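All remarks here apply to the structure that follows.
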Amino acid sequence: MPVHAQQPISHASHTKAATPMAFVRSMLAACQRLGHDPAPALATAQIAPSQARNAHARITASQMERLSDQLMRELDDEALGWFTRRLPWGSYGMLARASISAPTLGVALKRWCRHHGLLTDDVRLTLAAPASGTATVTLTEPAPAPWLTGELREFCHVSLLRNLLGLSSWLVDSRLPLLAVDLAYPAPAHADAYAVLFAGPCRFGQPHTRLHLDASCLALPLRRDEAALRQMLQRALPLTVHAYRKDRLLVGRVRQALATHPEASHSAEALAALLNTSARSLHRQLKDEGASLQALKDVVRRERAQTLLLRTQRPLKQVAQAVGFQNEKSFIRAFKGWTGNTPADYRSRKLPTS
């Protein structure tokens, strides 16, 4: 069963109809291909057949949970018809069991991606895990099923990313700061629903489907054990269809504050005041999360500087000020330490933003 943790969910998230009907139609198309009658599952989820045919209709997260659960059991396929071979009930639970003993989230994610490749050759998930900056999970399709197109492909990509993100959040017991989501298909008619599906900017029409996370999150220790996993797997769906509610991590808020208020990067006290905490608490909590304020400052400044150098013609003095440096000389010295190149060389050579 897909790994979706029990967690506090607001009443509004249960009752607001925000899930695109395209995902329901993709499941119905899989049932049709497999010769399976979806009527009982639709009835369980209280979705009328006429409603399912309405491309503009939406359903609640709870309806999506009930429909997915019923069809996964009836088809004995947790992939809901995406792949050339079905994933029997318990497949994604097995991936969670293989990851639960990892010392850090980064190790757990690497295991999950590697073991997912043992379940199917249709898609592949890989984790690029730098020591700092942005960590990326990439979904590629070396041998997709011929029917994995259109709405079914969209549903597959969204579900795999949500499954992985949901498990990761559950393992560290906090919503992870999502920097961006790339999607390897054009923006659908229901693109507005992605603001609910992913708590981060979504970019359509990209070469690959990807999740971008703050790399410092990969150093987080897991907060769950085997006993918690056994309990969670007794009720196995809400994480793919419900966003993880707990937000214990400071890393994401610090990074966002540094990006939107670069002037606050001049001192820990100014940044702490912006976040309604003390400088001492700020340093202590970041240390507990495996991060440091200086490292986060460097990442945000470097990424902002690279963007401005490549996409604008601003003088170096203005770039330095825009990313929080008080003078051009200190900016040049820091940038060379980050990238091995001066800002002028970086701009003239159009070097990759790695």
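The figures follow:
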| item | result |
| --- | --- |
| The one condition in (1) part of a helix (DSSP H, G or I); (2) surrounded by fewer than 23 Cβ atoms within 10 Å (Cβ to Cβ); (3) at pLDDT 90 or above that I47 fails to fulfil | (1) |
| Filter result for L87 (surrounded by 17 or more Cβ atoms within 10 Å (Cβ to Cβ) and part of a helix (DSSP H, G or I)) | no |
| Selection status of D225, at pLDDT below 95, charged (D, E, K, R), outside the structural domain of D288 (by TED's automatic domain parsing) and under 30 Å from K297 (Cβ atoms) | no |
| Test: P188 is touching a residue at least 60 places away in the same chain (Cβ under 8 Å) and over 26 Å from L222 (Cα atoms) | yes |
| Identity of the residue in the stretch 135-165, in contact with a strand residue (DSSP E or B) (Cβ under 7 Å, 6 or more places away or on another chain) and surrounded by fewer than 17 Cβ atoms within 10 Å (Cβ to Cβ), that ends up farthest from K297 (Cα to Cα) | P142 |
| Elements of type helices (runs of 4 or more DSSP H) in the stretch 256-354, at least 3 residues being more than 19 Å from L213 (Cα to Cα) and without any contact (Cβ under 8 Å) to a residue 24 or more places away in the chain | 268-274, 279-288, 316-322, 328-339, 343-349 |
| Filter result (touching a helix residue (DSSP H, G or I) at 6+ places or on another chain (Cβ under 6 Å) and either at positive phi or without any contact (Cβ under 8 Å) to a residue 12 or more places away in the chain (or both)) within the stretch 70-128 | L80, G81 |
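The values are calculated or read from the model by the stated rules, or taken from the named source; none is laboratory data. For clarity, every value in this text was computed on a predicted model and none was experimentally measured. Virtual Cβ from ideal backbone geometry, glycine too; neighbours counted across all protein chains shown.
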